[in-house]
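Have a look at the structure below before the remarks.
The values are calculated or read from the model by the stated rules, or taken from the named source; none is laboratory data. The structure displayed is predicted, hence computed values, not measured ones. Ideal geometry is used to build each Cβ from the backbone, glycine not excepted, and the neighbour counts take in all protein chains shown.
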Amino acid sequence: MNDAQSAGDAAPLELRIDAKTYLSADGTPVEVVRGLRLRLEAGAFGALIGPSGCGKTTILRIAAGLDRDFRGESKTPGSGRLGMVFQEPRLLPWRTVEQNIRLAMPLHETPVDLTGLVETLGLGSHLARYPGELSLGLARRAAIARAFAVRPDFLLLDEPFVSLDEAVADRLRSELVALTSRAKVTTLFVTHDLAEAVQLADRLFFLSDRPTYVLFETSLPPPRGSRSKQTVASISDEMRARTAQARAEAQGK
Amino acid sequence: MQRIYSLAALIAVWAVAAALIHSRLLPGPLTVGTVFLADTRSGELPYQMACTLARVAGSFAFAMVFGVIAGYAMGRLKTVDRYADAWLIVLINMPALVTIIFAYVWIGLNETAAILAVAINKLPNVIVVMREGARALDPELDEMAEAFRFSWPTRIRHVVVPQLAPYLAASSRSGLSIVWKIVLVVELIGRPNGVGFVLGSAFSLFDMARILSYAISFIVLMLLVESLLVQPLERRAIRWRRRPA
C-alpha cells in the first residue's frame with residue numbers, strides 16, 4: 001500500500017501534523033498537537049523528548065498509521081514494514097513468547113531462524129513460557145524481539161524502558177543499539193529521559209508542552225551508543241540550557 | 001469425592017421416601033432402574049434419547065453460530081448495537097412457548113420448525129453474553145495487531161477468540177441446559193419421538209417410573225457431555241493463565 005514511497009529505499013520519515021485534537025471524556029475538544037514538523041533521514045535514530053503528557057504517544061501512533069484522524073501528512077520510510085514497541089509489552093497472554101514473536105512476522109515468509117535475536121536479548125530459555133510467567137523486564141525484551149523479528153525498515157519505540165530498574169534498562173539500551181546498528185532501520189524513539197535520548201540517538205527533537213510542536217532539533221555527532229558518561233552528561237546539560245532558552249523564547253512570543 | 005457422597009445421599013433419601021410413602025406416584029430407585037434396563041434392552045430408550053440429542057445438537061449449533069456472529073457485531077459496532085438492541089429485547093422476552101407455537105404454525109409440524117424454535121429461544125442469551133465479550137476486547141491488543149499488520153484470520157484466531165473463550169464457555173454451559181429443556185417442550189407439543197414425546201405419553205398414563213428413568217438418563221448424558229467435552233475444552237482454552245510458579 002505504500003509502494004509509491006518505497007521506490008527509494010532511502011526515503012526519509014516525514015511527518016507533518018497541522019492539528020490533532022481529540023474529545024476528552026466530558027466532550028470538550030483538546031488540542032494535543034499543533035504545527036509539528038519532523039523529518040528523519042533513512043537509517044537514522046531519532047528521539048522525541050518532551051514532558052510527560054505532551055502528546056508523544058499520539059505522535060507515535062500517527063507515525064505508525066494507527067491514528068488517521070488528524071490534519072497533516074505522514075510519509076513513512078521504506079516499504080512500510082513497521083516494528084513497534086509499545087509502552088506496555090502488549091504480548092498475547094495466551095500465546096508463548098515464541099508464538100508471540102512469530103505471529104508478528106509476515107505470513108508468506110519462510111520461517112526465520114530467531115536464535116541470534118533471541119540470544120542477544122537473553123530470551124533463549126523463556127521461549128516456551130507464557131507472558132504471564134515473565135517479569136516486566138523479560139516481557140519488554142520479548143516485545144523488542146517481536147519488533148525486530150519483523151525485520152522492520154521503520155521502528156517505533158514508546159518509552160520501552162520506563163519503570164525498569166536502571167541496570168536492566170541499561171543492558172536493554174545497549175542491546176537496542178546493537179540491533180539498530182546491525183540492521184539499517186529508521187528509528188523513532190519516545191522518551192522523557194534526556195540522558196537516555198542522548199545516549200541512543202543521532203537526532204534529537206525537543207517537544208513543547210501542549211499543543212505540541214518541535215521546540216528545536218539537533219544532530220549529535222557519531223558514534224551513537226558508545227558515548228561515555230561524561231559526554232552524555234555534558235551534552236545533556238547543554239541541551240537542557242537550550243530547551244530552557246527555547247521555552248522562554250516561545251513564551252515571549 | 002464429596003460430589004459422589006452427596007449424590008449417594010440424594011438417592012438414599014429418595015429410596016427411603018419412596019419406601020415410606022409406598023405409592024405408584026413416587027417409584028423408588030429400584031423400580032426406576034428396572035424400567036431403565038427394560039427400555040434400554042428393547043432399544044426404545046437409546047432411540048428416543050438419540051432423537052432428542054440430535055435436536056439438541058442441531059439447535060445448539062445454530063444458536064451458537066448465529067449468536068456469536070450477532071453478539072460480536074453488536075459488541076464491536078455501536079451502530080449495529082443501537083439498531084439491533086430493541087430487537088434483542090423483544091426476542092429475549094418472547095416466551096418460549098410462543099416461539100414454538102409460531103414455528104409450528106408457520107413452518108409446519110416438522111424437524112425444521114422444532115430445531116428453529118429451540119434455537120431462537122436460545123439465541124438472545126448467546127447474543128447478550130457474546131456482546132459483553134466483544135465489548136471487553138482489549139483495544140491495546142487490537143492496536144498491536146494493526147501495527148504488526150496481522151491478517152484477519154490471524155487476528156480472529158490468535159487475538160479475538162482467546163479473549164472470547166470464557167464467554168463462549170459460559171454461553172455454551174448455560175446453553176446446553178436451556179436447549180435440552182426447551183427441546184422436550186417442542187417434542188411434547190409436536191414431535192412423534194424423542195424424550196419429550198415419551199414424557200408426554202407417560203404423563204397421560206401416570207407412568208412416573210418411566211418419566212423418572214428418561215429424565216435421569218438425559219441428565220446423566222448431559223453431565224457426560226459437560227465433563228468430557230465442555231470442561232476439557234475450557235481447560236485447554238485457559239491453560240496459559242499464570243500457573244503457580
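Quick notes on this structure:
- A Cβ distance below 8 Å, combined with a sequence gap of six or more or placement on separate chains, defines the contacts here; from segment B:44-62, residues that are within 16 Å of residue B:193 (Cα to Cα) reach residues that are of a type in the set (S, T, N, Q) in the pairs B:45/B:213; B:45/B:217; B:46/B:40; B:47/B:193; B:48/B:193; B:49/B:217; B:51/B:193.
- Test for residue A:233: is it modelled with pLDDT of 80 or more and either closer than 24 Å to residue A:141 by Cβ or assigned to a helix (DSSP H, G or I) (or both): no
- Scan of segment B:17-33 for residues that are under 13 Å from residue B:207 (Cβ atoms) and exposed (fewer than 14 other Cβ atoms within 10 Å of the Cβ), ordered by number: B:24, B:25
- Unique match (being away from chain A (no Cβ under 14 Å), closer than 30 Å to residue A:96 by Cα, of a type outside the set (D, E, K, R) and surrounded by 14 or more Cβ atoms within 10 Å (Cβ to Cβ)) among B:217, B:172, B:227: B:172
- Any hit, segment B:6-28, residues being free of Cβ contacts under 8 Å to residues at least 24 places away in the same chain and under 10 Å from residue B:209 (Cβ atoms): yes
- Filtered residues of segment A:197-216 (kept if assigned to a strand (DSSP E or B) and either surrounded by 21 or more Cβ atoms within 10 Å (Cβ to Cβ) or touching a residue at least 60 places away in the same chain (Cβ under 8 Å) (or both)): A:203, A:204, A:205, A:206, A:207, A:212, A:214
- Residue A:106 within 22 Å of the chain's Cα centre (by Cα), surrounded by fewer than 21 Cβ atoms within 10 Å (Cβ to Cβ) and of a type outside the set (Val, Ile, Thr): yes
- Scanning segment B:36-45 for residues being in contact with a helix residue (DSSP H, G or I) (Cβ under 7 Å, 6 or more places away or on another chain) and of a type outside the set (D, E, K, R) gives a total of 3.
- If you go through segment A:138-153 and keep only what is modelled with pLDDT of 85 or more and among the basic types (Lys, Arg), you end up with A:140, A:141, A:146.
- Put simply, of A:156, A:176, A:188, A:207 the only residue that is touching a Cys at 6+ places or on another chain (Cβ under 9 Å) and at pLDDT 80 or above is A:207.
- One residue stands out among those in segment B:1-28 that are part of a helix (DSSP H, G or I) and among the polar types (S, T, N, Q): the one that is nearest to residue B:220 (Cα to Cα), which is B:6.
- Segment B:46-152 holds helices (runs of 4 or more DSSP H) entirely within its bounds, and those carrying 1 or more residues that are away from chain A (no Cβ under 14 Å) and in contact with a helix residue (DSSP H, G or I) (Cβ under 6 Å, 6 or more places away or on another chain) map to B:78-93, B:96-107, B:111-135.
- Cβ-Cβ under 8 Å pairs, at least 6 apart or on other chains, segment B:167-178 side free of Cβ contacts under 8 Å to residues at least 40 places away in the same chain and within 12 Å of residue B:64 (Cα to Cα), far side part of a helix (DSSP H, G or I) and of a type outside the set (Phe, Trp, Tyr): B:167/B:129; B:167/B:130; B:167/B:132; B:167/B:133
- Residue A:191 falls short on exactly one of the conditions (1) closer than 22 Å to residue A:118 by Cα; (2) crowded, with 20+ Cβ neighbours inside 10 Å, and that condition is (1).
- Flag for residue A:226 being more than 22 Å from residue A:59 (Cβ to Cβ), part of a loop (DSSP other than H, G, I, E, B) and modelled with pLDDT under 80: yes
Each row is one residue, and each column tells you yes or no for (1) assigned to a loop (DSSP other than H, G, I, E, B); (2) at pLDDT 85 or above; (3) not hydroxyl-bearing (Ser, Thr, Tyr).
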position: B:203; (1), (2), (3): no, yes, yes
position: B:206; (1), (2), (3): yes, yes, yes
position: B:211; (1), (2), (3): no, yes, yes
position: B:214; (1), (2), (3): no, yes, no
position: B:219; (1), (2), (3): no, yes, yes
position: B:226; (1), (2), (3): no, no, yes
position: B:233; (1), (2), (3): no, no, yes
position: B:239; (1), (2), (3): yes, no, yes
position: B:242; (1), (2), (3): yes, no, yes
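- So residue B:204, is it under 25 Å from residue B:233 (Cβ atoms) and surrounded by fewer than 20 Cβ atoms within 10 Å (Cβ to Cβ): no
- Residue count, segment B:165-181 (criterion: aromatic (Phe, Trp, Tyr) and over 8 Å from the mean Cα position of the chain (by Cα)): 1
- Elements of type strands (runs of 3 or more DSSP E) contained in segment A:1-102, each with 3 or more residues being within 14 Å of another protein chain (Cβ to nearest Cβ), modelled with pLDDT of 85 or more and within 19 Å of the chain's Cα centre (by Cα): A:82-85
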